[in-house]
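The values are calculated or read from the model by the stated rules, or taken from the named source; none is laboratory data. The structure presented is a predicted model; accordingly, all values stated were derived computationally and were not measured. Every residue, glycine among them, receives a Cβ derived from its backbone with ideal geometry; neighbour counts consider all protein chains shown.
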Amino acid sequence: MSERQIQLEVLRYNPETDSEPRLQTYSVPCLNEWVVLDALNYVKDNLDTTLSYRWSCHMAVCGSCGMMINGEPKLACKAFIREYADQIRVEPLANFPIERDLVTAVEDFIAKLASVKPYLIPKEDKPIEAGEFKQTPTELKKYKQYTLCINCMLCYAACPQYGLVPEFLGPAAIALAHRYNQDSRDGGRDQRQEVIASHEGVWECSFVGACSEVCPKHVDPAGALQQVKIASTIDWYKEHLMPWVKK
Amino acid sequence: MGEEMSSKPYIREISKTNWFYGQPRYMRYMAREVTCIFIFAYTFLLIWALRALANGPEAYQAFLAALNSPLGILFNLAVLVGVVYHSISWFSLTPQAMPLQRGEEFVPGNLIIGAHYGGWAVVSLIVLFLGV
């Protein structure tokens, strides 16, 4: 097993003692199969126990270890050291306030996610005895890719619009609203439209497309947002030009 | 929610004017957006052409002479490059905005992009036909 010495530059911030973040460099002996998260764990275990960062699954499922690696939003568990030069800079996710070191404050995203009601709102209540809500493979395929979102917030870190206009609902929240709107079992679109078709919703998006480029699960939130724009525009025309047509 | 937040979260400021500099991804986006100015500029040329037509044959000949001048040709070339870049960059995004599902599969993105180029060719041919 080959070993390589890496200079890991980490942006540190301690809210109790620091007025602003500062870079701290650690020299880490890395194995070829290591990801950046392994290097951070090495630092935590062997060099500096005060380093704070979030992680859990180490397999790109939990969405906890999102951070900026050489300026790119990445999952630290999916960023292989061997794909980088000997110096790697690690910073907290862009566009979010820094809580401590690599830990960001994510309350804004959580509140936005909740506001789009990202859960099934059945068209009609059905007693359990009436059985399950059935769906064909074709109906499932229509929204399946959006179910792969792991709420890692890389898309928010990549989105310049979210950075410039913090009120923007953002990629993942709208993509998840779209996921449920596209679900044949769901009847909650009207409730979600009030939030996602607003100015702070989909119309704040200018289709930079960065969200989809950085998404580690290939959800393509940018695509979802453009589809919501088209559907909302059709709604508007129906409402204003053909008021007799029901949605 | 919120009670665990530190009393002093650090907010990194983003420049309102040059946030896209040095970021290839954002520069590509700006190039796509900025090239719409060429379309805007060309509409002025068309309005100028209409005005020259309305002002009689001499005015129209003067307009044509201006078009044939090196500056006129340079302007048209610049517009052509800008508009082609603008169109290509937008066409390449169409599969994301307009996915087509047939049965359990989605139509390949290249087909959707290709259909846009096809439509572009047809419209160009109609314009060419009307102009000859």
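What do you reckon, is A:VAL165 more than 14 Å from the chain's Cα centre (by Cα) and under 30 Å from A:LEU102 (Cα atoms)? Taking the combined requirement at face value, the residue satisfies it.
Among all positions in the stretch A:104-117, there is no residue which is under 23 Å from B:TYR26 (Cβ atoms), among the small types (Gly, Ala, Ser) and not assigned by TED's automatic domain parsing to the domain that holds A:GLU16. Note on the stretch B:96-110: residues that are at the interface with another protein chain (Cβ under 7 Å from one of its Cβ atoms), outside any loop (DSSP other than H, G, I, E, B) and not polar (S, T, N, Q) total 1. Within the stretch B:108-132, residues that are polar (S, T, N, Q) have Cβ atoms under 9 Å from residues that are at pLDDT 95 or above in these pairs: B:ASN110/B:PRO95, counting only partners at least 6 apart in sequence or on another chain. Screening the stretch A:101-169 for helices (runs of 4 or more DSSP H) wholly inside it with 1 or more residues that are among the β-branched types (Val, Ile, Thr) and either more than 10 Å from chain B (Cβ to nearest Cβ) or touching a Phe, Trp or Tyr at 6+ places or on another chain (Cβ under 9 Å) (or both) returns the ranges A:137-147. Go through the residues of the stretch B:9-32 one by one and say whether even a single one is away from chain A (no Cβ under 14 Å) and not small (Gly, Ala, Ser). Within the stretch B:9-32, none of the residues are away from chain A (no Cβ under 14 Å) and not small (Gly, Ala, Ser).
Would you please name the residue that is surrounded by the fewest Cβ atoms within 10 Å (Cβ to Cβ), looking only at residues in the stretch A:192-213 that are assigned to a helix (DSSP H, G or I) and facing another protein chain (nearest Cβ under 9 Å)? Don't jump to the end; show me each part of the working.
Step one: of the stretch A:192-213, the residues assigned to a helix (DSSP H, G or I) are A:192-196, A:202-204, A:210-213.
Cutting the leftovers down to facing another protein chain (nearest Cβ under 9 Å) gives us A:210, A:212-213.
Working: A:ALA210: 25, A:SER212: 22, A:GLU213: 15.
For the stretch A:192-213, the residue satisfying everything is A:GLU213.
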